[in-house]
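Nothing in this text is a laboratory measurement; each read-out follows from the coordinates by a stated rule. Remember, predicted model here, so these are calculated numbers, not experimental data. Backbone-built Cβ (ideal geometry, glycine too); neighbour counts: all protein chains shown.
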Amino acid sequence: MSQSVEEFLQSLQGQLNYDNSPITIVLAAGHGKRIKSNTSKMLHEIWGEPTSVRVINAASKGLNSPNSIAVVGIKAKEVAEAIDESENGLFALQSEQLGTGHAAMIALDLIDATQKVGDIYIFPGDMGLLTEDVVSDFQKAFDESGAGMMILTGIYEGDPNDNHYGRIVRVPQTDIDGNSSRDDCRKVIEIKEYKDVLVIEGDYILNYNGKKYKYTRDELLGINEYNSGVYACKYNYINDHIRKIGTDNAQGEVYITDLIKKFNNNGIAVDAHPSLTNEAVMGFNTKSVLYDMNNIYRDKVYEKLKDLVTFEDKDDFFIADEVVEQLLQLEKKHTVLDIYIGKGVYIGADVTLSRNVTVERNSILTAEMTLGEDAFVNQNSVIE
């Protein structure tokens, strides 16, 4: 008798540390229709690693906490199997994709509210360029803000009319009557989607903390700070209010962004913090964007190794992260490496390189192996 999805996920369940450590929730339930692939979007790779795995690893290191809950849905078994690396990781099954808020609710249901629960951090599973530095910086900003919720944002640098992201609408310095907004200044009132900005006619009025604030359509269009889809929340606040979010929208779904209004209406401050880099908050829906993200990652690898290793072609090689780290450590011991990597070379995670190694073009090395000093690999070699 075949094992059900629920039974399979149960076999992988770990145990959260209830010591006020942060908990990462990764939204990895969607398949991604626009990626046009039978492979789940969450299993598409950034530099040899599934994007959802990269998100969990970056969050775990950045928050210094192994606690994670991955929300899986379509192709749940395959996604969970790829992610399953931590004894402190849980899996929540979202059988129907009913929005980001619904996914977060399912994850929160796995948390024991009677324990000492730390802050909740929510990440999209397709943000494969996320780094631990960005996560750590975001956590520090959230801790210092005193807010109940914080949004990680990007800064759009192009033509505002090409910015189709949701705008972060903050409290301006003065209200509609010219009175100072005081401590409310820069707090987040809402996230306004691009398509909703386009249909605004006349003044757009928002209420916040008993005051009214006015925006024009052009002012909203000109906002270059956008929502990345990454959120930090105090556990008690999100656990209390997310279940009160309705489905009053065209899709009939529950969205995390609707928490902002709930929090504001209950006197809970919402803040936002820009990411250290826009690259780190990139997600993908199409093959072309995934390709661009891989190129960005390759360029970062090249920057790390360009003065240690000779590359025949800096735009055509693959060296797994584990090998990159090994080379960086090797350089600390010997200074001079004299390693040559030919065009089109692929070096997998289980390969160890020594000094004076030459790997000629189009060779593929994926076996568990050590290339000793002065080793030479002929072009087009395949060692699997």
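Count charges around Glu85 for me, please; just the other residues with Cβ under 12 Å from its Cβ, Lys/Arg as +1, Asp/Glu as -1. Intermediate results must be reported in sequence, preceding the final value.
Values: positive: Arg54; negative: Glu49, Glu81, Asp84, Glu87.
So the environment of Glu85 carries a net charge of -3.
Taking 0.36 nm per residue of sequence separation and subtracting the Cα-Cα distance, how much length would be gained by fully extending the chain between Ser180 and Ile383, in nm to one decimal? Could the numbers behind the result be given before it?
On the way: separation 203, 0.36 × 203 = 73.08 nm, distance 6.88 nm.
Length gained, Ser180 through Ile383: 66.2 nm.
Starting from the amide H of Leu90, placed 1.01 Å from N in the peptide plane, find each other amide H under 5 Å away whose residue is 5 or more places distant or on another chain.
Gly14, Ser68, Ile69, Ala70
All other residues with a Cβ under 11 Å from the Cβ of Glu279 taken together, and with Lys, Arg as +1 and Asp, Glu as -1, what is their net charge?
On the way: positive: Lys300; negative: Asp292, Asp299.
Once all neighbours under 11 Å are counted, the net charge is -1.
Order these peptides, 254-264, 369-379, by their mean beta-carbon neighbour count within 10 angstrom, highest first. Write down the numbers at each step before the final one.
Values: 254-264: 21.2, 369-379: 13.5.
Answer by packing, highest mean first, reads 254-264, 369-379.
How large is log10 of I(q)/I(0) for region 306-383 at q = 0.18, 0.20 Å⁻¹ when the intensity is taken from the Debye formula with one equal scatterer per alpha-carbon?
The calculated log intensity ratios at q = 0.18, 0.20 Å⁻¹ are -0.63, -0.80.
Anyone know which of His241, His44, His31 comes out most mobile in the 10 Å Cα GNM of the chain?
Comparing His241, His44, His31 in the GNM, the peak value goes to His241.
Kindly rank 154-164, 349-359 from highest to lowest mean number of other beta carbons found within 10 Å of each residue. Each step should come with its number before you reach the end.
Numbers: 154-164: 12.6, 349-359: 18.4.
Top of the packing list down: 349-359, 154-164.
Take peptides 20-27, 208-215 and line them up by average Cβ neighbours within 10 Å, highest first, as a rough protection proxy. Numbers along the way, then the final one.
Details: 20-27: 23.4, 208-215: 15.9.
Top of the packing list down: 20-27, 208-215.
What is the antiparallel percent of DSSP beta bridges lying wholly in region 306-383, to the nearest 5? If you can, show how the numbers build up before the last one.
Details: 0 of 17 bridges.
So the antiparallel bridges in region 306-383 amount to around 0 percent.
Asn179: net charge of surrounding residues, Cβ under 14 Å, Lys/Arg +1, Asp/Glu -1, itself excluded?
Values: positive: Arg182, Lys211, Lys212, Lys214; negative: Asp175, Asp177, Asp183, Asp184.
Net of charged neighbours comes to 0.
For Ala375 and Glu303 in one chain, what is 0.36 nm times their gap in residues minus the Cα-Cα distance, to one decimal in nm?
Working: separation 72, 0.36 × 72 = 25.92 nm, distance 2.45 nm.
Difference between extended and current length: 23.5 nm.
Give the label of the value calculated from the structure for Cα Rg over 2.2 N^0.38 Å, choosing from (i) 1.11; (ii) 1.01; (iii) 0.94.
Here Cα Rg over 2.2 N^0.38 Å agrees with entry (i).
Lysine pairs, Cα distance under 22 Å, 8 or more residues apart or cross-chain: how many in region 1-113? Numbers along the way, then the final one.
Working: Lys33/Lys41; Lys33/Lys75; Lys33/Lys77; Lys36/Lys75; Lys36/Lys77; Lys41/Lys75; Lys41/Lys77.
Counting lysine pairs in region 1-113 gives 7.
If you plug each phi of region 41-47 into the Karplus form 6.51 cos²θ - 1.76 cosθ + 1.60 with θ = phi - 60°, what whole-Hz ³J(HN,Hα) values come out, in order, with x for Gly and Pro?
Taking θ as phi minus 60°, the curve returns 3, 6, 9, 5, 9, 10, 6 Hz for region 41-47.
Counting only helical runs of four or more DSSP H residues, what would the 222 nm mean residue ellipticity of the chain come to if each run contributes -39,500 (n - 2.57) and the total is spread over all its residues? Display every interim value, and only then the final one.
Details: 11 runs with 109 residues, N = 384.
Dividing the helical sum by the residues of the chain leaves -8500 deg cm²/dmol.
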